[in-house]
1. Fewest Cβ neighbours within 10 Å first, please rank Ile147, Ile112, Ile214 accordingly.
2. Candidates (1) 19.5, 64; (2) 17.6, 50; (3) 33.8, 126; which is the computed Rg and Dmax of the Cα atoms in Å?
3. What list of ³J(HN,Hα) couplings, whole Hz, do you get for segment 38-54 from phi and the Karplus terms 6.51, -1.76, 1.60, once you set θ to phi - 60° and write x for glycine and proline?
4. Taking amide hydrogens as modeled 1.01 Å from N in the peptide plane, which residues meet the under 5 Å criterion relative to Ala109, leaving out close sequence neighbours?
5. Taking neighbour Cβ counts within 10 Å as the exposure measure, how do Tyr38, Tyr74 sort from fewest upward?
6. To make sure I understand, if each residue's beta carbon is the centre and we count other beta carbons within 10 Å, what order do Ser89, Ser126 fall in, fewest to most?
7. What are the residues whose amide H is under 5 Å from the amide H of Ala195, where those residues sit 5 or more places off or on another chain and H is modelled from the backbone?
8. State to the nearest 20 debye the size of the charge dipole of the chain about its Cα centre, where the only charges are +1 on K and R beta carbons and -1 on D and E beta carbons.
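All of the numbers you see were taken from the coordinates with simple rules; none came from a lab. Since we're looking at a predicted model, the values are computed, not measured. Heads up, the Cβs are rebuilt from the backbone with ideal geometry, glycines too, and the neighbour counts pull from every protein chain shown.
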Amino acid sequence: MTGNTARVTPGDLLALRSGHARRVLAPVDLPADPDAAYALAAETVRQAGKSVAAWKLGATTAGTRATFATETIYFGALHRDEVWVAGESPAHMPPPVFRAEAEIAFRLAIDIAAADAVHLAANTPSAVLFDAWTPALEAPYSCIINIPEAGLTALLSDRCAAGALFLGTPRHDVRDSAIDGEIAILIDGAVAAVATAPKALLMSPIEAARGFIIEAGRQDVALARGQWISTGGITPCIDLPSDGTPIGLSFAGEAVFTLDLLPAPPESIATA
């Protein structure tokens, strides 16, 4: 990896997030390139001292590739306290910003060392790599205000805009053709956004998950059994109500979960 000469530090990013604050970053504040941005994000995760429960992907759609001028899948980590799985107690965390998109997520069945990632992603059957999949609602958030204007390095520096991930009940046939079914976000029972993976993604969700494993290996990131991989927005990212109105996710016409969320204390906005 290249050296990171960015002015923004892991401590800066951790302080902004813990204080519910946001900041504009100029080009001089940012890492020099994506490798340095990944290194900054990795050090932020290390200093946070929290386990990584999931990974969110980008550049699996034409829109995100155009917005961030990349042809390569990118990724960011989500901590355990940013991830909810259906069947747990009621969702314990509101998204930092009430916006979300529907996705498909896969759960890793094995540990993957960075050195083994390319080989395993290319040669291991899906049922060995992954032991579950589920529809998901992914709520992006960054403490850097001027994304996407600041570009890919800003996005990667702040964990790919990791906010919150809400997962349905795990389903265990990762080769199930039902993965291509219609997924919808519901607001108070009415469809607010709907799409299918074949129409929205540039590759199948499971191919996106394999592509992520390769990129993680290239960035010297080890992956752990039980971590989830959310493979990119199938529906558009839409505004959600923040007044407790039920927010639902459905898949193939059947309910996945319903959330009743209220916002955390208002963010303070800092500019620089």
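1. Working: Ile147 20, Ile112 23, Ile214 17.
Going from least to most buried by this count: Ile214, Ile147, Ile112.
2. Looking at Rg and Dmax of the Cα atoms in Å for this model, the match is (2).
3. 4, 5, 4, 5, 5, 5, 4, 4, 4, 6, 5, x, 10, 6, 8, 9, 7
4. Correct list: Phe130, Asp131, Gly226.
5. Working: Tyr38 27, Tyr74 23.
The fewest-first ordering by Cβ neighbours comes to Tyr74, Tyr38.
6. Values: Ser89 6, Ser126 16.
Ranked by crowding around the Cβ, least crowded first: Ser89, Ser126.
7. Ile183
8. That gives a dipole near 380 debye.
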